[in-house]
Amino acid sequence: MTAPEIHVDVAPELALFVPHARRHGSTALAVDGVSTLGHVVESLGVPLTEVGALVVDGRRVPAGHVPADGESVSVRPVTRPQRVPGAPLRFLLDVHLGTLARRLRLLGVDTAYESTDIGDPALAARSAAEQRVLLSRDRGLLRRRELWAGAFVYSPRPDDQLDDVLGRFRPELRPWTRCTACNGLLREATKAEVADQLAQGTHRTYDVFARCGSCGRAYWKGAHHEQLEAIVHRAVTEHGGRDTP
């Protein structure tokens, strides 16, 4: 008996996930008549976090649809900006995305980050418990069923990663309001309040400070401030917000 066969067309934006033979136009794929379309798409290498719509013979279907012989399937990317209903937009990043985490926090985006590898099950569980969008370059992690929401980070370069996340989700930007070390909120602080963290030259040179309400870390416009200002200015110019510290 001949196995059922469907024809699958994967959008160009998702081509990097599938074998080269399936990157150009519709290709035939044998199915078992039992597995859901979501399972079939993931078996091709495409995380469902990256799928905006599954269209069968011109009609949109859920991931639970079981494809039948002869159906034509179009796998489409997420629509940008992507809306994540159900909770305030906030993120959780895996151990490999530390620079991206610090830059998102610099922009005032609520960003949790695991600096050690706590394992895929724990990351997915935290995403669900805190209703955070998990950002990762690990396709296997993004396929975990307990995940609340997730997104693949397409580039290995921090500049491109930031552009991608800001363009995809359009989070509200509130630069200079979060601690880049722990994600806590910053407040104005007097020199006396942070004096124990200041070297003699810093104490003599600077007068304006902020302090994290969670970890107590002090901030001021030090040697690297121009570099940080450039990151903030570019982000708010291209994605909205205010860059005034």
Filter result for Gly52 (in a strand (DSSP E or B) and either of a type outside the set (A, V, I, L, M, F, W, C) or at pLDDT 95 or above (or both)): yes
Segment 65-101, subset of a type outside the set (S, T, N, Q) and in a strand (DSSP E or B), residue most open to solvent (accessible area, probe 1.4 Å): Arg76
Leading residue by the ranking (farthest from Cys182 (Cα to Cα)) among those in segment 126-157 that are open to solvent by 40 Å² or more (accessible area, probe 1.4 Å), in contact with a Lys or Arg (Cβ under 9 Å, 6 or more places away or on another chain) and not basic (Lys, Arg): Tyr154
Checking Asp110 against (1) of a type in the set (Asp, Glu); (2) farther than 25 Å from Leu173 by Cα; (3) in contact with a Leu (Cβ under 9 Å, 6 or more places away or on another chain), the condition it does not meet: (2)
Any pair with Cβ under 7 angstrom, 6 or more apart, that starts in segment 33-46 at a residue that is surrounded by fewer than 15 Cβ atoms within 10 Å (Cβ to Cβ) and ends at one that is outside any helix (DSSP H, G or I) and modelled with pLDDT under 95: Gly33/Pro4
Any hit, segment 190-203, residues being open to solvent by 30 Å² or more (accessible area, probe 1.4 Å), of a type in the set (Asp, Glu), free of Cβ contacts under 8 Å to residues at least 60 places away in the same chain and within 21 Å of Val109 (Cβ to Cβ): no
Hits in segment 24-49 - residues which are at pLDDT below 95 and either touching a strand residue (DSSP E or B) at 6+ places or on another chain (Cβ under 7 Å) or of a type in the set (Val, Ile, Thr) (or both): Gly25
Test result for Pro175, buried (at least 19 other Cβ atoms within 10 Å of the Cβ) and part of a loop (DSSP other than H, G, I, E, B): yes
Segment 158-172, residues that are over 17 Å from Ser136 (Cβ atoms) and either in contact with a Phe, Trp or Tyr (Cβ under 6 Å, 6 or more places away or on another chain) or loosely packed, with under 15 Cβ neighbours inside 10 Å (or both): Asp159, Gly167, Glu172
Subset of segment 188-245 that is small (Gly, Ala, Ser) and assigned to a loop (DSSP other than H, G, I, E, B) - its residue that is modelled with the lowest pLDDT: Gly241
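The values are calculated or read from the model by the stated rules, or taken from the named source; none is laboratory data. All values reported here derive from a predicted model rather than from experimental measurement. Virtual Cβ from ideal backbone geometry, glycine too; neighbours counted across all protein chains shown. For accessibility, only protein heavy atoms count, side chains too; no ligands or nucleic acids. Shrake-Rupley method; radii C 1.70, N 1.55, O 1.52, S 1.80 Å.
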